[in-house]
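The values are calculated or read from the model by the stated rules, or taken from the named source; none is laboratory data. Keep in mind that what you see is a predicted model, and the values were worked out from it rather than measured. Neighbour counts are summed over all protein chains in view; Cβ atoms, including those assigned to glycine, are modelled from backbone coordinates with ideal geometry.
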Amino acid sequence: MRSILCTSALSSEKRTREPCAIDTLYPMDWAVGLWVAALVTCLSLQAYGLENMNGEYSISNPNRGAKIQYSTRYADRGDGIRYFDVYSPPITTRYGEVYWTMMEDVPLPNEIIQKFANKTIAIVGYEVDQVKKNSPHDISVPIYDAYNHHYEIWLVGAGAKMQRVKSSGAMRSMMHNQEKVFATVQATSPCKSATSGEFCDPNLSNSFQPIPDSQWFSEGNGGEMRKSYHGYPKGTAQLIRSPQLFKIQPMQIDTFNRGFNGTGFKAGPLPKASAAPAGASYSGLLECPCTDRIKKATRTVYKIQSSGACAKAVHSAAECFAAGASISPKTVNTTVNSKNFPLGCSAHEGHGGDLVVAFNTYRKRDAVSCGAGRASSVYHGSTSTSIGVALTLDMVGDDVNITLSGPADVWFGVGFNAYSMGDEPYTIIASGNSAPMERKLGNHAPGTLLEPSIKVLSNKVSSDGKTRTIVMNRPMKGAGADYYSFTASSSDINLIVAYGTSQQFAFHKNMGSGAIALVATSKQSCICNDGTKGFIGQNNVLLPFGKNCLPEPQGDLIREKNPTCWLDTYEGGLACCHHQNILLDKDQNPWKDQTITYHMKTRFWYEEYEQQSKSGKPSHVNLPRMYYQTEAWAGEYDVVKCSGTTPAEDCVQEITAHWQVKSMSLGDHGEPYPSNATGIKLIYAGGHCHAPSCISLDLYNADTGDLLCSQKPTFGTGTKIFNEKGYIAIPPCLWGSEDEGLIEPVFLPTNANLTSVKLNNNTYSHYGEMASWQMRGVFVYDDDEY
């Protein structure tokens, strides 16, 4: 047999030589000319071994009039294209379980880290799959066994770090109204000049900016992830300086029916709240139904205020005393009529640590303000929780005394300034007679053991042997960034509590949440009405419920009274789908000990970035993220079932949203729109919606009436991977050069008005549907040539 060698790039940097096995196609006695033709063809395969991980893709707006058609095959970009693969840590779940958490750091391949140290990598596209590692080939996990609701991926450079931050404004709306979210903190280097500055961003011709130290990847990031294209035109990319780490926060739902051995999909047990009809091609679990494990609560929240006057006062003695009881387990109530007390409801510490709650019937304006009394450095607060863990804090001078009690026969602990483990709080863990541990909890993980900063004053067990009480002392100021710092201004502290199954610290047996309020011993602090708020959760952990449903003309969910906007009508979606929630009813527990384990796999396609290419310009334009939700910042919405008299072909639900270019959320932080930009040009636009009801997403320039992007998902028809029946791919819109087979991008001024129209089939109800526009483009300035 005769063979020749072809250049191959089977890994990111290593080239090998592989036999082309010419003689398996052509016998040795064939004409020399034919053999030579085969040789030339083989040698021209510069990207041999660089095939797409998930096959070829399509786009929604091909340029039919172009001489060539755009190729979604990454290898067709030319000789400079390479890729590297990254696997997430293992994901292990049981039936009905939600996996939604930030996973541990994954270092990038050493050759990538070394090659791009103090250099810039140009990520020109990526592919995503969920796989079981196997030799010689990974095995893809069917989407109907492990459903990807969505994912968020970061590549983090040496000059950035990822941390959990309090969300607000555009970031909070973009991240589904979560109290805290993960974000990267970038360390950037300023440009030396607009022409020779190091690490300058070629996006802006007249306003050079540093190359990003991290990038966020979240386009087509749900059940459509594997066959939705995530690539960019030539000369455009997501640029990253000195890439180091891969981070992923997947939201996966285990829908694997362990009792079904047939081909394809058959639903496993479903909770009563599931909206999926019998015989559906999808599991009702993927819509996050609120099962009977979910608890809802609507309550008036009260807060301690030590200056000024309450924005919303407490107006009756009954409400005042109830408010005090919600703040402290030990209260003494009194009614006064005195200008020496603040108006309405107030409190101070009494003898024995009781909270003295006073309702003042005095009505004249000369009453003292909140926080009246002698200057004090002594503050006190107590709380008990539903799981039997109690906490008392006494802040005296620069120290705080901490009294923590719980079950004597197991470990127990408290985390400060947190609603859940996902907030990664500073935590004190008590375990028997041993010195309590201080830990920085991980995101639903044990986290990091900290150096001790507390001094144990006493550790006693009650006479009946049931309760252990530990009194500790430590400085109010934390010993470092991982320690909580107590301050007099933080009068209300959210807490999480838990206890285990033994004295050995491990996974908790029970957990709960609560809050503690601190009042000054010599001041009369006001108790203020902080409004009626909703809470929802599972396993005794109730998290704040809030939907930022905007009114017309921004969106129409309020006008249509969409159930997702209000707690009392909320039936399913993200709020019922937190990490480790079980989407089954209490009496359902099939296959409790049967788990599946797999990995999220990402293939990043890249080219080398040249700050000054042969054309005299940088080789790639950076593509910042541009984002908006048709559900107008609710983060999700319900597809409401059409009436029984509506013909099936007319069962279509429509929602719309209207916004201006400058109103879009930018980047992964909700960065402000550049003040000196005249507009944008979209390069990539991908809608995000869910199977099985998504019909279309259309984006219009409302000023001209032009249809900018029309997306219609393609539905799977079979049982094979990437073609699972009922699941979708969403081809994006892509703009670029006609020479590449694309439509030239359209300039959209800063004040341009955009309209999005989303259609769903509503023959049946569906929870937690989404209609977001995940886009990338460039900012345009007066002298921009792009």
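See the values below:
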| read-out | value |
| --- | --- |
| Residue identified as touching a strand residue (DSSP E or B) at 6+ places or on another chain (Cβ under 9 Å), at pLDDT below 90 and under 17 Å from ILE428 (Cα atoms) among ALA506, ALA517, ALA488 | ALA506 |
| Count of the range 572-595 residues which are in a loop (DSSP other than H, G, I, E, B), crowded, with 21+ Cβ neighbours inside 10 Å and at negative phi | 5 |
| Cross-chain or 6+ apart pairs with Cβ under 8 Å, the range 623-646 first and within 16 Å of TRP659 (Cα to Cα), then surrounded by fewer than 18 Cβ atoms within 10 Å (Cβ to Cβ) and modelled with pLDDT of 95 or more | THR630/VAL757 |
| VAL357 vs. criteria assigned by TED's automatic domain parsing to the domain that holds LYS303 and of a type in the set (Val, Ile, Thr) | yes |
| Test: residue in the range 716-730 that is under 23 Å from the mean Cα position of the chain (by Cα) and more than 27 Å from HIS658 (Cβ to Cβ) | yes |
| Options VAL98, VAL124: the member that is out of contact with any Phe, Trp or Tyr (no Cβ under 8 Å at 6 or more places or on another chain) and either over 26 Å from LYS720 (Cβ atoms) or assigned to a loop (DSSP other than H, G, I, E, B) (or both) | VAL98 |
| Candidate set from the range 232-278 (those that are small (Gly, Ala, Ser), touching a residue at least 24 places away in the same chain (Cβ under 8 Å) and in contact with a Ser or Thr (Cβ under 6 Å, 6 or more places away or on another chain)); member that is farthest from VAL639 (Cα to Cα) | GLY264 |
| Cβ pairs under 6 Å, 6+ apart, first in the range 720-740 and under 14 Å from ASN63 (Cβ atoms), second charged (D, E, K, R) and in a loop (DSSP other than H, G, I, E, B) | GLU740/LYS234 |
| Count of residues meeting criterion [part of a loop (DSSP other than H, G, I, E, B) and over 30 Å from TYR144 (Cα atoms)] in the range 59-95 | 13 |
| Near pairs, Cβ below 8 angstrom, 6+ apart or cross-chain, from the range 605-620 (at negative phi) to any residue that is modelled with pLDDT under 75 and outside any loop (DSSP other than H, G, I, E, B) | GLN611/CYS200; PRO618/CYS200 |
| Strands (runs of 3 or more DSSP E) within the range 706-786 that include 2 or more residues of a type outside the set (Gly, Ala, Ser), out of contact with any Gly (no Cβ under 8 Å at 6 or more places or on another chain) and surrounded by fewer than 17 Cβ atoms within 10 Å (Cβ to Cβ) | 706-711 |
| Tally of residues being closer than 21 Å to ASP556 by Cβ, in a strand (DSSP E or B) and not charged (D, E, K, R) across the range 654-670 | 7 |
| Conditions (1) not in a loop (DSSP other than H, G, I, E, B); (2) not assigned by TED's automatic domain parsing to the domain that holds SER88; (3) not aliphatic (A, V, I, L, M): number failed by PRO277 | (1) |
| Inter-residue pairs, beta-carbon under 8 Å, first outside the structural domain of GLY768 (by TED's automatic domain parsing) and in the range 665-692, second aliphatic (A, V, I, L, M) and surrounded by fewer than 22 Cβ atoms within 10 Å (Cβ to Cβ), 6+ apart | none |
| Residue satisfying all of: in the range 389-424; in contact with a His (Cβ under 8 Å, 6 or more places away or on another chain) and among the aliphatic types (A, V, I, L, M); farthest from GLY537 (Cα to Cα) among these | MET395 |
| Residue within the range 129-141 that is touching a Gly at 6+ places or on another chain (Cβ under 9 Å) and either touching a residue at least 12 places away in the same chain (Cβ under 8 Å) or more than 22 Å from PHE265 (Cβ to Cβ) (or both) present | no |
| Qualifying residue in the range 304-317 (condition: in a strand (DSSP E or B), in contact (Cβ under 8 Å) with a residue 12 or more places away in the chain and touching a strand residue (DSSP E or B) at 6+ places or on another chain (Cβ under 8 Å)) | yes |
| Any chance PRO692 is part of a loop (DSSP other than H, G, I, E, B), out of contact with any His (no Cβ under 9 Å at 6 or more places or on another chain) and buried (at least 18 other Cβ atoms within 10 Å of the Cβ) | no |
| Residue within the range 318-331 that is surrounded by fewer than 13 Cβ atoms within 10 Å (Cβ to Cβ), in a loop (DSSP other than H, G, I, E, B) and either among the charged types (D, E, K, R) or not assigned by TED's automatic domain parsing to the domain that holds ASN494 (or both) present | no |
| Subset of the range 603-620 (residues that are surrounded by 20 or more Cβ atoms within 10 Å (Cβ to Cβ) and part of a loop (DSSP other than H, G, I, E, B)) | TYR609, PRO618, SER619, HIS620 |
| The range 254-273 - residue that is assigned to a loop (DSSP other than H, G, I, E, B) and crowded, with 22+ Cβ neighbours inside 10 Å and, of those, farthest from the chain's Cα centre (by Cα) | PHE265 |
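For every residue, the table says whether it meets (1) at pLDDT 95 or above; (2) surrounded by fewer than 16 Cβ atoms within 10 Å (Cβ to Cβ); (3) assigned by TED's automatic domain parsing to the domain that holds PRO731.
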position: MET53; (1), (2), (3): yes, no, no
position: ARG64; (1), (2), (3): no, yes, no
position: LYS67; (1), (2), (3): no, yes, no
position: PHE84; (1), (2), (3): yes, no, yes
position: TYR99; (1), (2), (3): yes, no, yes
position: ASN110; (1), (2), (3): yes, yes, yes
